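The values are calculated or read from the model by the stated rules, or taken from the named source; none is laboratory data. Keep in mind that what you see is a predicted model, and the values were worked out from it rather than measured. With ideal geometry, Cβ positions are generated from the backbone for all residues, glycine too; neighbour counts draw on all protein chains shown. We work out accessible area using only protein heavy atoms, side chains counted, and drop any ligands, DNA or RNA first. Shrake-Rupley method; radii C 1.70, N 1.55, O 1.52, S 1.80 Å.
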Amino acid sequence: MPTLELRKICASYGDNRILTDLDLEVADGDFVSLLGESGCGKTTTLRVVAGFLRADSGGVLLDGEDYTRRPPNRRGFGYVFQSYALFPHLNVFDNVAFGLRQRKVAREEVRRRVDEMLEVVGLAALRDRLSKSLSGGQKQRVALARALVIKPDLLLFDEPLSNLDAKLRVKMRVEIRRLQQEFKITTLYVTHDQEECFSISDKVTVMNDGVIEQFDRPEHIFSQPASPFVARFVGFENFFQLRHQGMSDGRHQLVAADGTKFEAPDRQTIPGGRLLGAVRPEAIALGPAARTGQAGEIAGSIAFRTYLGRGYQYIVQTALGDLTVNGEDQQPFATGDTVTLRVPPDRMVLLGDA
Amino acid sequence: MRYSSVYLLCVPALVLVGLLLAAPLYSTVAQTFGGEVALFGRYGAFFENAFNRDVFFRTLKIALITTVIAAALGYPTAYFISQAGPKWRSLLILCAVLPLLTSSVVRSFSWIVILGRKGSVNTLLMKLHVIDAPLRLLFNEISVVIGLTYLFLPLMILSLVGVMENIEDDLMDAATSLGAPRIKAFFAVIVPLSLPGLVVGAVLVFTGSLTSFTTPQLLGGDGSTVLSTLIFRQAMVLFDWDGAATIATMMVVLTLSVITAINMAARRLNPAA
């Protein structure tokens, strides 16, 4: 199974530069997601890989072979479109058979392989139906079968589940992962849905404004974001400007502009330049006003409260700015209450502030 | 009750159509069977005349050739327009429609200037020494086909653009990613899906060319009489109203049969449409 490599890809639509010097390597058999908000260049990256869009510069390599100028019909990649892009004038069987017929596969073998694939995606009963008479989930399965049946070297997905309802989305993503592992196909998957992306990927690429912010395992991205952008993207909402004051007790000692002290675990390396501490709303402990003088203590007052179902979320006014904190269900604080916030040392992530 | 009363809204239009279309059509057809002749006698008489036979098949030939040329010219043009950006697309459609804004008399007449003995085409060819003597381009079947093609091409383009615009862009990409070179993908995807537009365009161009009067009258010579100009002669010169009605009825039947044939062919090519 092949390895995909993107080298210094620059790409644009008209005068609009979308990708700048993008490097990416997808290892053999891996499931890699491109995650980001709309307009971040993730679909553009996918289109460059597929050959639908010619890169301005840079290279696309598959197992070291140069694919940069190869037309899409000679790449042998399976592409699953957001719109499914099924041929509306063909029935399910002919849609799935399309790629095999282009490859001049013998009639009998086309029939065998298409029927086999329809069996795999559970659509055997619908083989003679026109594709436009199918439901969203069924269309998605046809699109998947059509891409898989050609035994692609690489499987490309462009937001394949975004047109399905929530329940079906979860079911289909499990299905996609199962098929990918069953056929062991190197896969590049574009989505803006974090949960979907984290649940099925071996590795995740977080993209922002045409560059890759972080390329890592989902667990790492979630717990150790590499940049303020990624931190915000995966749910860190509180950020402190900090200065590093050395190590003690095996922890980084940090101080904010107003003198508040913080600690952070030493497994993190300290980026050069200005430093930013990031904490999730659910990581901060909220209690009645009481100072003990320990590191990570911040005094504040409740400015705003919203009910989340599992608990309350507070906006707390402090000397370090407004912080977002999730509190427990019982005995909520009221607006105006003075409180003390505690940031546990092992919940603070240190980032370089660009 | 509430729903059935909605049909009342159609009554004014139905009355109008009934009075202005159905009734005259009926009286025209009825006229061809009236009088002291055998059933279909007038039709038999029409076809016994060699000149009439020529006119009949010439009309059919001119209309078919015009339709084929309009499709051949209009299809790539329409695809180009449908692929252009939204701003360019409206501009190009406007350009395609612009000729429709002038009267067909003016548009046919301009071809006399272009195709005449001392017209632009002959002048150019003479200056380039391609020919020594002016070509006879006017007042024959060729000039009629040219005039009709020019007249009806916009209808073909418009019908096709309307359909092609709605073909999803992803379909071409899907076909190429599955291994079809672009040209093959075009014939496997765009052609069958644009067939409904081609059918509408072909029907419009064919019926238009078959029934057109001005263009064959102005650009056609004595040797290129068509059914519509023949009707005019029967009715207004020879005052043979029965004969004129017979020809008119044949034109209606001819049009309907060709439309049916086009539709049947299209359904075979794209059962989903």
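Quick notes on this one:
- Among the residues listed as A:Thr44, A:Thr68, the single one being in a helix (DSSP H, G or I) and either assigned by TED's automatic domain parsing to the domain that holds A:Ile18 or buried (at least 20 other Cβ atoms within 10 Å of the Cβ) (or both): A:Thr44
- Unique match (being at pLDDT below 95 and either assigned by TED's automatic domain parsing to the domain that holds A:Val343 or under 21 Å from A:Phe81 (Cβ atoms) (or both)) among A:Gln181, A:Gln241, A:Gln224: A:Gln241
- All helices (runs of 4 or more DSSP H) inside the range A:166-276 with 1 or more residues being in contact with a Ser or Thr (Cβ under 7 Å, 6 or more places away or on another chain): A:166-183, A:194-200, A:218-223
- Residue tally, condition outside any strand (DSSP E or B) and among the β-branched types (Val, Ile, Thr), over the range A:286-323: 1
Conditions tested, residue by residue: (1) at pLDDT below 90; (2) in the same structural domain as B:Phe80 (by TED's automatic domain parsing); (3) not aromatic (Phe, Trp, Tyr).
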residue	(1), (2), (3)
B:Leu135	yes, yes, yes
B:Tyr150	no, yes, no
B:Leu155	no, yes, yes
B:Thr176	no, yes, yes
B:Thr207	no, yes, yes
B:Gly223	yes, yes, yes
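- Comparison of B:Gly74, B:Gly18 shows that the only residue that is more than 30 Å from B:Met172 (Cα to Cα), open to solvent by less than 60 Å² (accessible area, probe 1.4 Å) and assigned to a helix (DSSP H, G or I) is B:Gly18.
- Selection over the range A:106-129 of residues that are β-branched (Val, Ile, Thr) and either in contact with a strand residue (DSSP E or B) (Cβ under 6 Å, 6 or more places away or on another chain) or within 14 Å of another protein chain (Cβ to nearest Cβ) (or both) gives a count of 2.
- Among residues that are part of a helix (DSSP H, G or I), within 12 Å of B:Thr67 (Cα to Cα), open to solvent by 20 Å² or more (accessible area, probe 1.4 Å) and away from chain A (no Cβ under 14 Å), B:Leu210 is not included.
- Residue in the range A:295-340 that is farthest from A:Ala283 (Cα to Cα), counting only those that are open to solvent by 40 Å² or more (accessible area, probe 1.4 Å) and β-branched (Val, Ile, Thr): A:Thr335
- Residue check, A:Gln253 within 19 Å of A:Ser199 (Cβ to Cβ), surrounded by 15 or more Cβ atoms within 10 Å (Cβ to Cβ) and over 14 Å from the mean Cα position of the chain (by Cα): no
- Qualifying residue in the range A:53-64 (condition: touching a Ser or Thr at 6+ places or on another chain (Cβ under 9 Å), within 14 Å of another protein chain (Cβ to nearest Cβ), exposed (fewer than 14 other Cβ atoms within 10 Å of the Cβ) and of a type in the set (D, E, K, R)): yes
- Condition check for B:Val200: β-branched (Val, Ile, Thr), away from chain A (no Cβ under 12 Å), part of a helix (DSSP H, G or I) and more than 26 Å from B:Leu138 (Cα to Cα): yes
- Filter result for the condition that a residue is over 26 Å from A:Val26 (Cβ atoms) and out of contact with any His (no Cβ under 6 Å at 6 or more places or on another chain), over A:Leu168, A:Leu161: A:Leu168
- Just one of the listed residues (B:Val121, B:Val144) is farther than 27 Å from B:Val191 by Cα and open to solvent by 40 Å² or more (accessible area, probe 1.4 Å), and it is B:Val121.
- Single condition B:Asn166 does not satisfy, out of (1) in a helix (DSSP H, G or I); (2) polar (S, T, N, Q); (3) within 14 Å of chain A (Cβ to nearest Cβ): (1)
- For the condition surrounded by fewer than 17 Cβ atoms within 10 Å (Cβ to Cβ), within 14 Å of another protein chain (Cβ to nearest Cβ), at pLDDT 90 or above and not in a loop (DSSP other than H, G, I, E, B), B:Ile183 qualifies.
- Test: A:Arg17 is away from chain B (no Cβ under 14 Å) and assigned to a strand (DSSP E or B): yes
- Looking across the range A:130-160, the residues that are assigned to a loop (DSSP other than H, G, I, E, B) and within 11 Å of chain B (Cβ to nearest Cβ) come down to A:Val149, A:Ile150, A:Pro152.
- Among the residues of this structure, B:Pro99 counts as one that is farther than 27 Å from B:Arg233 by Cα and open to solvent by less than 50 Å² (accessible area, probe 1.4 Å).
- On the stretch given as the range A:80-105, residues that are open to solvent by less than 10 Å² (accessible area, probe 1.4 Å), under 29 Å from A:Glu5 (Cα atoms) and facing another protein chain (nearest Cβ under 9 Å) total 4.
- Breaking point among (1) aliphatic (A, V, I, L, M); (2) over 18 Å from B:Ile146 (Cα atoms); (3) surrounded by 12 or more Cβ atoms within 10 Å (Cβ to Cβ), for B:Leu94: (3)
Residues are listed down the side, and each one gets a yes or a no for (1) within 14 Å of another protein chain (Cβ to nearest Cβ); (2) more than 30 Å from A:Asn73 (Cβ to Cβ); (3) in contact with a Leu (Cβ under 9 Å, 6 or more places away or on another chain):
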site: B:Lys127; (1), (2), (3): no, yes, no
site: B:Val130; (1), (2), (3): no, yes, yes
site: B:Asn140; (1), (2), (3): no, yes, yes
site: B:Ser143; (1), (2), (3): no, yes, yes
site: B:Ile146; (1), (2), (3): no, yes, yes
site: B:Leu171; (1), (2), (3): yes, no, yes
site: B:Val189; (1), (2), (3): yes, no, yes
site: B:Ser194; (1), (2), (3): yes, no, yes
site: B:Phe206; (1), (2), (3): no, yes, yes
